[in-house]
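The values are calculated or read from the model by the stated rules, or taken from the named source; none is laboratory data. Quantities reported herein were computed from a predicted structural model and do not represent experimental measurements. Here the Cβ positions follow ideal geometry from the backbone for every residue, glycine too, while neighbour counts run over all protein chains shown. All accessible areas refer to the heavy atoms of the entire protein, side chains included, with ligands and DNA or RNA removed. Shrake-Rupley method; radii C 1.70, N 1.55, O 1.52, S 1.80 Å.
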Amino acid sequence: MEKISTSKAPAAIGPYSQAIKAGQFLFASGQIPINPATGEIEGNDITAQADLVCKNIGEILSAAGTDYEHVVKTTCFLADMGDFAAFNSVYEKYFTSKPARSCVAVKQLPKNVLCEVEITAYLA
């Protein structure tokens, strides 16, 4: 196993890694809308927050030598299922290969953000 880390995505805010490469797979921790340069949450609505989350995921994928096209599974967490359509409008711009996905509403997310996304990618 190999830890994947990049300063172009938010640093872990707990006892975990940004991502782990295990064999032919990359498992990335959930990403929230933190600006990696400032460490601050950005975006006041689901669209802005989802966009930053997806950009942060892109940086982790790049650090692992891959891209969105190799993502095979995402798990998406929303603070409000009422944001589902708006979230999807951002998500579909990045995950054009339509990986398998789960999307659930949760009671609360870290730092009270509106969304969090984790991914698994195939590194063939």
>> Checking V90 against (1) under 15 Å from the mean Cα position of the chain (by Cα); (2) over 22 Å from N35 (Cα atoms), only one condition comes out false. Which one?
In response: (2)
> Does K8 satisfy the condition of being in contact with a Leu (Cβ under 9 Å, 6 or more places away or on another chain) and of a type in the set (K, R)?
Replying inline: no
>> Suppose the filter is open to solvent by 50 Å² or more (accessible area, probe 1.4 Å), part of a loop (DSSP other than H, G, I, E, B) and not small (G, A, S); does T66 pass it?
In response: no
> When residues of segment 41-50 are filtered for being among the β-branched types (V, I, T) and open to solvent by 30 Å² or more (accessible area, probe 1.4 Å), how many remain?
Replying inline: 2
>> Would you confirm, using the coordinates I've provided, whether S102 is more than 18 Å from P33 (Cα to Cα), in a strand (DSSP E or B), among the small types (G, A, S) and more than 10 Å from the chain's Cα centre (by Cα)?
In response: yes
>> I need the full set of residues from segment 1-40 which are open to solvent by less than 60 Å² (accessible area, probe 1.4 Å), under 19 Å from T75 (Cα atoms) and part of a loop (DSSP other than H, G, I, E, B), in order please.
In response: A9, P10, A12, S17, Q18, I32, P33
> Which of (1) within 19 Å of I13 (Cα to Cα); (2) crowded, with 19+ Cβ neighbours inside 10 Å; (3) without any contact (Cβ under 8 Å) to a residue 60 or more places away in the chain is the odd one out, the single condition V113 does not satisfy?
Replying inline: (3)
> Does segment 51-60 include one or more residues that are assigned to a helix (DSSP H, G or I), free of Cβ contacts under 8 Å to residues at least 60 places away in the same chain, open to solvent by 60 Å² or more (accessible area, probe 1.4 Å) and under 21 Å from A11 (Cα atoms)?
Replying inline: yes
>> Filter segment 70-104 down to the residues that are of a type in the set (D, E) and open to solvent by less than 50 Å² (accessible area, probe 1.4 Å) and list them by number.
In response: D83
